[in-house]
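Have a look at the structure below, then the notes.
FYI, it's all coordinate maths here, none of it is from the lab. Since the structure is predicted, the reported quantities are computational estimates derived from the model, not experimental observations. Glycine gets a Cβ as well: all are built from the backbone with ideal geometry, and neighbour counts include every protein chain shown.
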């Protein structure tokens, strides 16, 4: 939703409600962990009144532990934190689950999947950043395919039940290849909202994902 028209947010939420999209993906940025500020709790609270699909909240913030219960109260279904922002990642994941949400970990482009080896079985989702976090509309990083393959292998080795989410630069040009590498969830912002027919664009991505 970072790429939506904030002046017409209810309209864009309704479009997603009516589309074939499975989730709402909300990027929360604090201007510290990433060089940008997006939206905070009041906006998410207002959005949640109109959303009819699960809220996938991606925290690009420092000290995410301080806000876990807050986002649970706001209605987040999935909460992802950055491995790079968590000193005690296992404890953070347990706190997210204790608050009644599914737990995800996001990895910046430079962070190897090996950092998740000891915790992969505890996760519901891994969000692979395919651009440097902080701004929408960036170019897709090609090494993402190899990273997804490595992550798929790690998940299989641990017999874990973990979704692989790709966030950044997703288009119809790379969606099928990402799914082939092992991705299950594709986040598309600019590609959807800058298209002439966002609902048709979402449908096209779904068809690529589902084969």
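Quick look at the values:
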{"read-out": "The range 6-210 - percent relative contact order, Cα under 8 Å, separation 6 or more", "value": "17 percent"}
{"read-out": "Cβ-Cβ FRET estimate between residue 207 and residue 32, R0 fixed at 45 Å, reported to 0.05", "value": "0.70"}
{"read-out": "Two-site FRET efficiency, residue 132 against residue 43, from Cβ-Cβ distance with R₀ of 30 Å, rounded to 0.05", "value": "0.80"}
{"read-out": "Sum of -39500 (n - 2.57) over DSSP H runs of 4+, divided by residues of the chain (222 nm, nearest 500)", "value": "-10000 deg cm²/dmol"}
{"read-out": "Packing-based ranking, highest mean first, of 71-82, 199-210 given that Cβ atoms within 10 Å are counted", "value": "71-82, 199-210"}
{"read-out": "Label zone at residue 110 (point 7 Å along Cα-to-Cβ), backbone N below 16 Å, the range 74-92", "value": "83-86"}
{"read-out": "Fully extended contour minus Cα-Cα distance, from residue 66 to residue 180, at 0.36 nm per residue", "value": "37.3 nm"}
{"read-out": "Extension gain, residue 146 back to residue 73 (0.36 nm per residue minus Cα-Cα distance, nm)", "value": "22.6 nm"}
{"read-out": "Length added when fully stretched, residue 94-residue 52, from 0.36 nm per residue minus Cα-Cα", "value": "12.5 nm"}
{"read-out": "Residue 172 versus residue 6: modelled label distance in nm, points set 7 Å from Cα along the beta carbon direction", "value": "3.0 nm"}
